[in-house]
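Here the structure is laid out as structure tokens; the discussion comes afterwards.
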Amino acid sequence: MRIIQATLEHLDLIAPLFVKYREFYGELPYPVFSRAFLEKRLRRKESVIYLALQDDDETRVLGFCQLYPSFSSLSLKRVWILNDIYVAEEARRQLVADHLIKTAKKMARETHAVRMRVSTSSNNQVAQKVYESIGFREDTEFKNYVLPIPSGN
């Protein structure tokens, strides 16, 4: 397995797995819009995407993760949000997520980030165990809230 940072050249490799990731969380696939979304993030350098590739087949993506930059006003430092991570069904239990997250952690350290944040479904026990095994801790200091912004009026 090889971990690389994705560029626009990798868009056609990432997009199908990104669609499966969205479906995993109950969203409609929207392959054209999903690809356009990823393209915009990469083109504008608004996110960092890492790909796990099969050693003997560079066109086979085992998984990906996408991180968005943020900042902490309290610590006056960068924060990375591990927003998306997905491993292809046939590649699960091969430590793909571990390798992706360790690469993301190295990048966070190199960019002098104070922390990485990640969220997952409260019923996704597998992801929770992976995050905890790598060193993520549940936030007990701050409670997070979401404010939905409806489209239209």
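Within the range 48-88, can you find the residues that are small (Gly, Ala, Ser) and either within 16 Å of Tyr131 (Cα to Cα) or free of Cβ contacts under 8 Å to residues at least 60 places away in the same chain (or both)? Result: Ala52, Gly63, Ser70, Ser72, Ser73, Ser75. When residues in the range 35-64 are screened for being of a type outside the set (Gly, Ala, Ser) and closer than 15 Å to Gln94 by Cβ, 10 of them pass.
Annotation note: Cβ proximity below 9 Å between a residue of the range 126-153 that is closer than 16 Å to Ala104 by Cβ and a residue that is among the basic types (Lys, Arg) and surrounded by 10 or more Cβ atoms within 10 Å (Cβ to Cβ) (sequence gap 6+ or interchain) occurs for Ile134/Lys102; Ile134/Lys105; Gly135/Lys105; Phe136/Arg117.
Scanning the range 120-136 for residues that are surrounded by 14 or more Cβ atoms within 10 Å (Cβ to Cβ) and small (Gly, Ala, Ser) turns up just one, Ala127. Where strands (runs of 3 or more DSSP E) sit wholly within the range 19-107, those with at least 2 residues that are surrounded by fewer than 20 Cβ atoms within 10 Å (Cβ to Cβ) and under 14 Å from the mean Cα position of the chain (by Cα) occupy 57-72, 77-87.
Residue selection: Ser133 fails the criterion of being assigned to a loop (DSSP other than H, G, I, E, B) and within 19 Å of the chain's Cα centre (by Cα).
Values in this text are rule-based calculations from the coordinates and carry no lab data. A quick note: this is a predicted structure, and the numbers were derived from the prediction, not measured. Methodologically, a virtual Cβ is constructed for each residue, glycine included, from the backbone with ideal geometry; neighbour enumeration extends over all protein chains shown.
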